[in-house]
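Asks: Sharing a structure with you now.
The values are calculated or read from the model by the stated rules, or taken from the named source; none is laboratory data. The structure displayed is predicted, hence computed values, not measured ones. Cβ placement follows ideal geometry from the backbone for every residue including glycine, while neighbour counts extend to all protein chains displayed.
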Amino acid sequence: MNNHEPHLSILVLSLLMSFASAGSSAIIKTGDVLEINVQGHPEFSGTFEVAIDGTINYPMLTDEPVVNISTAELMNDLTLRLLKYVDNPVVTVSIVEMPDIAVTVLGQITTPGPVQTYEGVSLQEVIQQAGGPRENADLRRIKIVHSEKPDESAEYFNLDSFFVNGNIERLPALQDKDKIILLTEKRSTKIKVIGAVQKPGFFDLQEEEINLFELIYMAGGPSEKADLSRVRRFFKHEDKTMEEVIDVRSYVDKGNMDDIPLVSEGDVIIVYSKWFDWKTLLTILNNTLLFIVTIQAFSGVFSK
């Protein structure tokens, strides 16, 4: 048996299944709800509504329209695509009749208001149908108020966690007249400045844009031994803490004040002290000379 036989058998099986379902195969159109089942693989299975642009929110078919083809054709297409991820995939695709429901999406969403959808729709699909979340939406704490028990405590769901683990069974079940509220992500509105400044501490951003030099002067300005040639900035980027060392002195010396990097909410700024300056050197030299003179004086006394 050669290496191509398993794939050939899958293709033959797929063709036989498409012939067997040819009489009942339907043409997919906008608004249909497709039930895709990959035997033994719930992560690739589920119900998906065909959007206005003809696409469905299915990982193997990103931005690819599925309208004006039959369910059998889509089944064959998915079978071939899933060969990269699943051994001998057995795929079925059918159009299901799902009762219409209305879910209201509010808060940090592109198009807030009621969404006409179908029973069994996922939270992720409803959010996409409402235009998707805004930039400051907190996907780690989505509030869901169920119509059947509005007086009870709301349910909160971490959609970010779902994107990581892909556990479909943990997605909340939505029903008619439920409310989904995308809350604003809580952010720190303060910046912390420590080190060689006159007034270290936390500072509120009073303006939309403020650069590093201006922030240092909000903290009373640099201290006498501040080293503005190596100011360290810690900041958040895509949920990761990053850091950079900025030579503020070079910007000031060259007169490029407009090019000094801006700071953001939640940043931590460290202004380091110089380990060497002329005043310290003169003090050391004076102390050294005094020590030498003292030793010489004592040596003269003891030599007599």
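Asks: Could you list, in sequence order, the residues of region 43-91 that are surrounded by fewer than 15 Cβ atoms within 10 Å (Cβ to Cβ) and of a type in the set (S, T, N, Q)?
Replies: THR62, ASN68, ASN88
Asks: Consider GLY131 against the criteria (1) out of contact with any helix residue (DSSP H, G or I) (no Cβ under 9 Å at 6 or more places or on another chain); (2) farther than 17 Å from GLN175 by Cα; (3) in a helix (DSSP H, G or I); (4) not aromatic (Phe, Trp, Tyr): it satisfies all of them except one. Which criterion is unmet?
Replies: (3)
Asks: Name every residue in region 64-92 that is within 21 Å of GLU125 (Cβ to Cβ) and either of a type in the set (Ser, Thr, Tyr) or not assigned by TED's automatic domain parsing to the domain that holds SER45 (or both), in order of residue number.
Replies: The answer is THR71, THR92.
To keep it simple, each residue is scored yes or no on (1) closer than 22 Å to ASN136 by Cβ; (2) touching a residue at least 60 places away in the same chain (Cβ under 8 Å); (3) touching a Ser or Thr at 6+ places or on another chain (Cβ under 7 Å); (4) of a type in the set (Asp, Glu).
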residue	(1), (2), (3), (4)
LYS199	no, no, no, no
LEU205	yes, yes, yes, no
GLU209	yes, no, no, yes
GLY221	no, no, no, no
ALA226	no, no, yes, no
LYS236	yes, no, no, no
VAL248	no, no, no, no
GLY255	no, no, no, no
ASP259	no, no, no, yes
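Asks: Before we move on, is ASP204 acidic (Asp, Glu), over 22 Å from the mean Cα position of the chain (by Cα) and surrounded by 14 or more Cβ atoms within 10 Å (Cβ to Cβ)?
Replies: So ASP204 fails the test.
Asks: Continuing with the same structure: Starting from region 34-54, take each residue that is on the phi > 0 side of the Ramachandran plot and list its partners that are outside any strand (DSSP E or B) and among the acidic types (Asp, Glu), counting only C-beta distances under 9 angstrom and pairs at least six apart or across chains.
Replies: Once the first residue is on the phi > 0 side of the Ramachandran plot and sits in region 34-54, its partners that are outside any strand (DSSP E or B) and among the acidic types (Asp, Glu) give GLY54/GLU64.
Asks: If you check GLU148 against the conditions, is it out of contact with any helix residue (DSSP H, G or I) (no Cβ under 6 Å at 6 or more places or on another chain), more than 26 Å from VAL33 (Cβ to Cβ) and in a loop (DSSP other than H, G, I, E, B)?
Replies: The answer is no for GLU148.
Asks: Out of the strands (runs of 3 or more DSSP E) lying entirely within region 185-256, which hold 1 or more residues that are among the aliphatic types (A, V, I, L, M) and at pLDDT 90 or above?
Replies: 190-195, 226-237, 240-246
Asks: Looking for whichever is surrounded by fewer than 17 Cβ atoms within 10 Å (Cβ to Cβ), assigned by TED's automatic domain parsing to the domain that holds LYS179, β-branched (Val, Ile, Thr) and closer than 26 Å to LYS177 by Cα here; the options are THR110, THR117. Which one fits?
Replies: THR110
Asks: Please work out which one of (1) under 30 Å from TYR118 (Cβ atoms); (2) under 25 Å from the mean Cα position of the chain (by Cα) is the condition ASP178 fails and give its number.
Replies: (2)
Asks: While we're here: Looking at (1) of a type in the set (Ser, Thr, Tyr); (2) closer than 22 Å to GLY166 by Cα; (3) surrounded by 14 or more Cβ atoms within 10 Å (Cβ to Cβ), can you tell me which one SER94 breaks?
Replies: Every condition holds for SER94 apart from (2).
Asks: Which one of the conditions (1) out of contact with any strand residue (DSSP E or B) (no Cβ under 9 Å at 6 or more places or on another chain); (2) closer than 30 Å to ASP239 by Cα; (3) not in a helix (DSSP H, G or I) does PRO65 fail to meet, given that it meets all the rest?
Replies: (2)
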